[in-house]
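Below is one structure, written out as structure tokens, with a few remarks after it.
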Amino acid sequence: MTHIRIDLRTIIHIEPFSDSAILIEFGKEVNKDIHQHIQQLTHYLDQHSFPGFIEYIPAFTNVVVFYDPVVVYEEYKNSFQEISPYKMVDALMEEIIGKLNSNEKCSPRIMEIPVCYGGELGPDLELVASINKLTSEEVISIHTSGEYLVHMIGFAPGFPFLGGMSKKIAAPRHSSPRTLIPPGSVGIAGVQTGVYPIGTPGGWNLIGRTPLNLFLPEDNPPSLLQAGDLVKFRSISWKEYNEWKGDTST
């Protein structure tokens, strides 16, 4: 394992993830400083990928970088004394991290997600309100007043893991998950909120639904949201929801 200090609060740990991947861990806590470091590294790799680089996957506190060991070895066998492709990529990551400016801030995209709350599209809205001794309108107001950071995409294609939800509307997962949650459903589980991009089973409390498609398989990248985006939810009416979906009969 390699350790690199990049500022007074952050020590990076680099270690093997598999025979063709390397893990760069920026810490154990989920916070904005660590998220900024992850964004700086991934933005650099977007612009300056190295021979053998395949892809990266950012998470809450780390980034996994996948590479082709054969390409890496052939490219760098005369540049490094080490003969292991992993050691070569380890050295490359140290070099790249050393170039990053820890004070540089990455400007996020602001993404607005329209949501029709309650009713058949949000069957658990009243439950969430009851748990927190609030009205449904108060839950909607709190949910739409927040600004949510997309820490990572995972679980299902295009599913955003969002940070920043108020504890005032937190609610535990259902003990018995639904067998199928409709795409676009906006849910709450514990102190997290998220949007189901495709139909999957799930135990989150459903408070509304967006007419937007978060999973776009024909696009590159195929996810509407990306790690580093800031999301704001906006309440829309049932009529607006149906117009957005192209149904003008209601």
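The values are calculated or read from the model by the stated rules, or taken from the named source; none is laboratory data. Since this is a predicted model, take the numbers as computed values, not measurements. Methodologically, a virtual Cβ is constructed for each residue, glycine included, from the backbone with ideal geometry; neighbour enumeration extends over all protein chains shown. For accessibility, only protein heavy atoms count, side chains too; no ligands or nucleic acids. Shrake-Rupley method; radii C 1.70, N 1.55, O 1.52, S 1.80 Å.
Only one of these is aliphatic (A, V, I, L, M) and either in contact with a Ser or Thr (Cβ under 6 Å, 6 or more places away or on another chain) or more than 30 Å from Phe26 (Cα to Cα) (or both): Ile97, Ile113. Name it. First the steps, then the outcome.
Working: Ile97 fails: either in contact with a Ser or Thr (Cβ under 6 Å, 6 or more places away or on another chain) or more than 30 Å from Phe26 (Cα to Cα) (or both).
After applying the criteria, what remains is Ile113.
Search the range 11-35 for residues being in a loop (DSSP other than H, G, I, E, B) and of a type in the set (A, V, I, L, M, F, W, C), and hand back the single one that is most open to solvent (accessible area, probe 1.4 Å). It would help to see each step written out before you state the result.
Keep residues of the range 11-35 that are in a loop (DSSP other than H, G, I, E, B), which gives 19-20, 26-31.
Add one more test, that the residue is of a type in the set (A, V, I, L, M, F, W, C), and what stays is 26, 30.
Working: Phe26: 7, Val30: 82 Å².
By that ranking, first place goes to Val30.
One residue is enough: does the range 54-74 have a residue meeting the conditions more than 30 Å from Gln192 (Cβ to Cβ), hydroxyl-bearing (Ser, Thr, Tyr) and in a loop (DSSP other than H, G, I, E, B)?
no
Residue-by-condition table, conditions (1) assigned to a strand (DSSP E or B); (2) within 16 Å of the chain's Cα centre (by Cα):
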residue	(1), (2)
Val186	yes, yes
Gly194	yes, yes
Ile198	no, yes
Ile207	yes, no
Leu212	no, no
Asp219	no, no
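Mind telling me which of the residues Ile169, Ile113 ends up being crowded, with 18+ Cβ neighbours inside 10 Å and in contact with a Lys or Arg (Cβ under 8 Å, 6 or more places away or on another chain)? Working first, answer last.
Details: Ile169 fails: in contact with a Lys or Arg (Cβ under 8 Å, 6 or more places away or on another chain).
Of Ile169, Ile113, the one residue that is crowded, with 18+ Cβ neighbours inside 10 Å and in contact with a Lys or Arg (Cβ under 8 Å, 6 or more places away or on another chain) is Ile113.
So is Asp7 surrounded by fewer than 16 Cβ atoms within 10 Å (Cβ to Cβ), modelled with pLDDT under 85 and under 17 Å from the mean Cα position of the chain (by Cα) or not?
It is false that Asp7 is surrounded by fewer than 16 Cβ atoms within 10 Å (Cβ to Cβ), modelled with pLDDT under 85 and under 17 Å from the mean Cα position of the chain (by Cα).
Would you pick out the residues in the range 40-91 that are of a type in the set (A, V, I, L, M), crowded, with 19+ Cβ neighbours inside 10 Å and closer than 13 Å to Ala21 by Cβ?
Residues of the range 40-91 that are of a type in the set (A, V, I, L, M), as a first pass: 41, 45, 54, 57, 59, 63-65, 70-72, 83, 88-89, 91.
Remaining after also requiring crowded, with 19+ Cβ neighbours inside 10 Å: 41, 63, 65, 72, 88-89.
If the condition is that a residue be of a type in the set (A, V, I, L, M), crowded, with 19+ Cβ neighbours inside 10 Å and closer than 13 Å to Ala21 by Cβ, then Val63, Val65, Val72, Val89 are the ones that fit.
Could you look through the range 233-250, keep only residues that are among the hydrophobic types (A, V, I, L, M, F, W, C) and farther than 8 Å from Cys116 by Cα, and pick out the one that is modelled with the highest pLDDT?
Taking the range 233-250 first, the residues among the hydrophobic types (A, V, I, L, M, F, W, C) are 233, 236, 238, 244.
Right, trim to farther than 8 Å from Cys116 by Cα and you get 233, 244.
Working: Phe233: 98, Trp244: 93.
Only one residue fits best here, namely Phe233.
In the range 28-54, which residue that is aliphatic (A, V, I, L, M) and more than 19 Å from Leu100 (Cα to Cα) is nearest to the chain's Cα centre (by Cα)? Break it down into steps so the answer makes sense when it comes.
To start, the set of residues in the range 28-54 that are aliphatic (A, V, I, L, M) comprises 30, 34, 38, 41, 45, 54.
Subset that is more than 19 Å from Leu100 (Cα to Cα): 30, 54.
Values: Val30: 12, Ile54: 20 Å.
That would be Val30.
Take the residues of the range 202-233 that are of a type in the set (A, V, I, L, M) and within 28 Å of Leu41 (Cα to Cα): which is surrounded by the fewest Cβ atoms within 10 Å (Cβ to Cβ)? Outline the logic, then answer.
Restricting attention to the range 202-233, the residues satisfying the condition of being of a type in the set (A, V, I, L, M) are 206-207, 212, 214, 216, 224-225, 227, 230-231.
Checking the rest, the ones that are also within 28 Å of Leu41 (Cα to Cα) come to 214, 216, 224-225, 227, 230-231.
On the way: Leu214: 24, Leu216: 15, Leu224: 19, Leu225: 24, Ala227: 23, Leu230: 17, Val231: 22.
Residue satisfying both the conditions and the ranking: Leu216.
In the range 118-157, which residues are aromatic (Phe, Trp, Tyr) and either in a loop (DSSP other than H, G, I, E, B) or without any contact (Cβ under 8 Å) to a residue 12 or more places away in the chain (or both)?
As a first pass, look at the range 118-157 and keep what is aromatic (Phe, Trp, Tyr): 148, 155.
Across the range 118-157, the qualifying residue is only Phe155.
Identify the single condition in (1) hydrophobic (A, V, I, L, M, F, W, C); (2) part of a strand (DSSP E or B); (3) free of Cβ contacts under 8 Å to residues at least 60 places away in the same chain; (4) closer than 30 Å to Ile236 by Cα that Val115 does not satisfy, given that it satisfies every other one.
(3)
Inspect all residues belonging to the range 183-201 and state whether any of them is surrounded by fewer than 16 Cβ atoms within 10 Å (Cβ to Cβ) and touching a strand residue (DSSP E or B) at 6+ places or on another chain (Cβ under 6 Å). Steps first, please.
Looking only at the range 183-201, we keep the residues that are surrounded by fewer than 16 Cβ atoms within 10 Å (Cβ to Cβ), and these are 190-191, 199, 201.
Add one more test, that the residue is touching a strand residue (DSSP E or B) at 6+ places or on another chain (Cβ under 6 Å), and what stays is 199, 201.
Yes, some residue in the range 183-201 is surrounded by fewer than 16 Cβ atoms within 10 Å (Cβ to Cβ) and touching a strand residue (DSSP E or B) at 6+ places or on another chain (Cβ under 6 Å).
Report, ordered by the first and then the second residue, all pairs with beta carbons closer than 8 Å, sequence separation of six or more or different chains, a first member in the range 222-250 that is over 18 Å from Gly164 (Cβ atoms), and a second member that is modelled with pLDDT of 90 or more and polar (S, T, N, Q).
Hits for this filter: Leu224/Asn213; Thr248/Asn242; Ser249/Asn242; Thr250/Asn242.
Across the range 142-160, which residue is nearest to the chain's Cα centre (by Cα) among those that are open to solvent by 40 Å² or more (accessible area, probe 1.4 Å) and not hydroxyl-bearing (Ser, Thr, Tyr)? Steps first, answer last, please.
Let us first name the residues in the range 142-160 that are open to solvent by 40 Å² or more (accessible area, probe 1.4 Å), namely 145, 147, 153, 155, 157.
Those left that are additionally not hydroxyl-bearing (Ser, Thr, Tyr): 147, 153, 155, 157.
Values: Glu147: 14, Ile153: 4, Phe155: 10, Pro157: 11 Å.
So the residue we want is Ile153.
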